[in-house]
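*Asks:* The structure is given below, and queries will be raised subsequently.
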Amino acid sequence: MNEQSTSYWLLHVRLETGYRYKDGIVTGTETGLFHMKIENGAFSEIRPADAVPETALPVRDVKGGLMLPSFRDMHIHLDKTYYGGPWKAPTRPANGVFSRIEEEQRLLPELLPTAKERAEGLLDLLIGYGSTHIRSHCNVDPVVGLRNLEATQQAVDGYREKAFVEIVAFPQHGLLRSQSVSLVREALRNGAALVGGLDPATVDDDMEKSLNAMMELAVEANAGIDMHLHEPSHIGLNTFKVLADLVEDAGWNGRVTLSHALALADVSSSEVDEVAARLANLGISITSSVPLGRTIPIPQLHRQGVGVSLGQDSIMDHWSPFGKGDNLDKAGTLAERFHLMDERSLGQTLGFITGGVTPLDRDGQYAWPKVGDAAHAVIVEASCSAEAVARRSQRRAVLYRGIPVHGTL
């Protein structure tokens with residue numbers, strides 16, 4: 001698309017302007033209607049909707065639809081899914097993650113011919129629900145080598161005008177266990193943006209050696225890290241602490257994510273606080289899929305200053321038959337799980353799926369959108385963020401860099 005085709009006015013956009021109070025308690029959200037000019041992929045002008053602007057640019061009337069910042073799905077597996085194919089429920093793993101790894105010896109080659117097509121289907125699903133920033137973990141292992149990475153990259157190439165997608169080189173079968181260090185290195189040289197890892201104590205059976213190898217790969221490639229950590233209780237906490245030391249020594253602050261971090265669901269509140277303070281100090285973030293059976297204490301981590309984001313993880317694959325692709329639904333599940341049911345808490349829960357961006361800050365001050373902000377947005381059928389989260393409101397349209405990539409305006 002050329003520059004002129006992406007310059008236009010959005011009319012009658014509903015934006016949040018502040019909280020409504022009674023006796024010092026937030027009881028509702030105030031909104032107003034605005035006209036918004038989009039140029040060069042950003043909001044270039046925002047004015048009250050008291051008169052239609054005189055302009056030669058195209059105009060699109062939102063008719064009071066609520067604008068929210070578009071969403072981020074920070075943990076998905078685009079490369080190995082049944083989505084788009086016939087229904088198939090997973091088997092019960094007799095030996096946990098090791099059963100799944102064994103299954104993949106057979107399954108990954110079978111899925112490879114449809115990997116690109118099914119990744120494209122998942123991207124359409126995620127974008128349609130409002131996610132325009134996506135982080136996908138992609139298997140790198142001796143079974144498929146870099147072929148899953150290549151298929152995923154081919155899918156992503158066709159979506160560069162619709163979403164930002166970053167790929168984690170993920171040694172699902174164990175970085176050391178499957179002798180995948182050289183494959184991960186090659187993946188980083190061929191377009192993967194981050195180094196992945198998996199349960200270094202239980203899968204690789206040598207926590208310190210595995211973490212050191214992962215950190216060395218990251219430093220060598222000047223790449224971030226996003227590792228799966230399912231390990232329980234104090235086994236997992238010990239991994240957090242050793243990794244934190246490596247992050248500090250390497251100066252990798254703000255460049256590491258712990259996906260799942262399930263040990264935090266097993267330990268005491270005081271232990272969570274202790275670990276959270278260390279993670280926050282080093283800018284180590286956490287991504288959760290908000291599993292109902294073993295949910296980590298996300299609000300507590302957030303209060304301690306840990307950056308927490310959400311992701312879908314599996315969508316109809318050999319790990320899980322569940323997953324909708326809808327991160328607004330995921331935020332609603334988080335709110336339900338932790339009883340975040342008042343107006344302010346519901347509205348602020350949106351920040352877990354937007355990289356921390358919310359229309360109003362916690363004090364009710366206007367925070368988004370502002371002139372100059374990238375025009376990544378979702379138009380929803382709701383009166384405010386709180387309703388959108390609680391009711392998982394319908395998405396009418398999705399914008400990426402100002403370009404409508406889903407729905408109609």
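The values are calculated or read from the model by the stated rules, or taken from the named source; none is laboratory data. Since the structure is predicted, the reported quantities are computational estimates derived from the model, not experimental observations. Here Cβ is always computed from backbone atoms with ideal geometry, including for glycine, and neighbour counts include all displayed protein chains. Accessible surface areas use protein heavy atoms only, side chains included; no ligands, DNA or RNA. Shrake-Rupley method; radii C 1.70, N 1.55, O 1.52, S 1.80 Å.
*Asks:* Would you check which residues across segment 45-84 are of a type outside the set (A, V, I, L, M), open to solvent by less than 70 Å² (accessible area, probe 1.4 Å) and farther than 22 Å from Arg395 by Cα and list them?
*Replies:* Across segment 45-84, the qualifying residues are Glu45, Pro53, Thr55, Pro58, His77, Asp79, Lys80, Thr81, Tyr82.
*Asks:* Criterion first (modelled with pLDDT under 95 and open to solvent by 20 Å² or more (accessible area, probe 1.4 Å)) does Gly283 satisfy it? Step through it out loud before you land on a result.
*Replies:* Working: modelled with pLDDT under 95: no; open to solvent by 20 Å² or more (accessible area, probe 1.4 Å): yes.
Judged against the criteria, Gly283 is not a match.
*Asks:* Looking only at segment 356-366, how many residues end up being surrounded by fewer than 17 Cβ atoms within 10 Å (Cβ to Cβ) and under 21 Å from the mean Cα position of the chain (by Cα)?
*Replies:* 2
*Asks:* Scan segment 289-334 for residues that are over 14 Å from the mean Cα position of the chain (by Cα), of a type in the set (Gly, Ala, Ser) and within 14 Å of Ala265 (Cα to Cα) and jot them down.
*Replies:* Correct list: Gly293 only.
*Asks:* Taking interchain pairs and intrachain pairs at least six residues apart, which have beta carbon atoms under 6 angstrom, with the first residue in segment 291-320 and surrounded by fewer than 19 Cβ atoms within 10 Å (Cβ to Cβ) and the second part of a loop (DSSP other than H, G, I, E, B) and not small (Gly, Ala, Ser)?
*Replies:* Correct list of pairs: Pro299/Phe338.
*Asks:* Do we have any residue at all in segment 90-104 that's part of a loop (DSSP other than H, G, I, E, B), among the aliphatic types (A, V, I, L, M) and touching a Ser or Thr at 6+ places or on another chain (Cβ under 6 Å)?
*Replies:* So the first thing to find is which residues in segment 90-104 are part of a loop (DSSP other than H, G, I, E, B), and the list is 90-96.
Subsequent filtering for residues that are among the aliphatic types (A, V, I, L, M) retains 94.
Within this subset, residues satisfying the condition of being touching a Ser or Thr at 6+ places or on another chain (Cβ under 6 Å) are none.
Within segment 90-104, none of the residues are part of a loop (DSSP other than H, G, I, E, B), among the aliphatic types (A, V, I, L, M) and touching a Ser or Thr at 6+ places or on another chain (Cβ under 6 Å).
*Asks:* Within segment 189-236, can you find the residues that are farther than 19 Å from Ile167 by Cβ and among the polar types (S, T, N, Q)?
*Replies:* Thr202, Ser210, Asn212, Ser233, listed by residue number.
*Asks:* Ok, one more. Mind counting the residues in segment 218-262 that are touching a residue at least 60 places away in the same chain (Cβ under 8 Å) and acidic (Asp, Glu)?
*Replies:* Here the count works out to 1.
*Asks:* Sticking with this one: Would you mind finding the one in Ala218, Ala169 that is under 15 Å from Leu149 (Cα atoms) and either open to solvent by less than 20 Å² (accessible area, probe 1.4 Å) or in a loop (DSSP other than H, G, I, E, B) (or both)? Explain how you work it out, then say what you get.
*Replies:* On the way: Ala218 fails: under 15 Å from Leu149 (Cα atoms).
Ala169 is the lone residue from the list that is under 15 Å from Leu149 (Cα atoms) and either open to solvent by less than 20 Å² (accessible area, probe 1.4 Å) or in a loop (DSSP other than H, G, I, E, B) (or both).
*Asks:* Looking at segment 397-409, which of its residues are in contact with a strand residue (DSSP E or B) (Cβ under 7 Å, 6 or more places away or on another chain) and either open to solvent by less than 60 Å² (accessible area, probe 1.4 Å) or modelled with pLDDT under 95 (or both)? Explain how you work it out, then say what you get.
*Replies:* Residues of segment 397-409 that are in contact with a strand residue (DSSP E or B) (Cβ under 7 Å, 6 or more places away or on another chain), as a first pass: 397-402, 404-409.
Ala397, Val398, Leu399, Tyr400, Gly402, Pro404, Val405, Gly407, Thr408, Leu409, listed by residue number.
*Asks:* Can I ask one more? Return only the number of the condition from (1) over 21 Å from Asn222 (Cβ atoms); (2) among the β-branched types (Val, Ile, Thr); (3) outside any helix (DSSP H, G or I) that Thr257 does not satisfy.
*Replies:* It fails just one condition, (1).
*Asks:* So Asp199 clears everything in (1) free of Cβ contacts under 8 Å to residues at least 60 places away in the same chain; (2) crowded, with 22+ Cβ neighbours inside 10 Å except one condition, right? Which one?
*Replies:* For Asp199, the failing item is (1).
*Asks:* Considering each of Ala192, Ala213 in turn, give the residue that is open to solvent by less than 60 Å² (accessible area, probe 1.4 Å) and in a loop (DSSP other than H, G, I, E, B). Give the steps one after another, and end with the answer.
*Replies:* On the way: Ala213 fails: in a loop (DSSP other than H, G, I, E, B).
The unique qualifying residue is Ala192.
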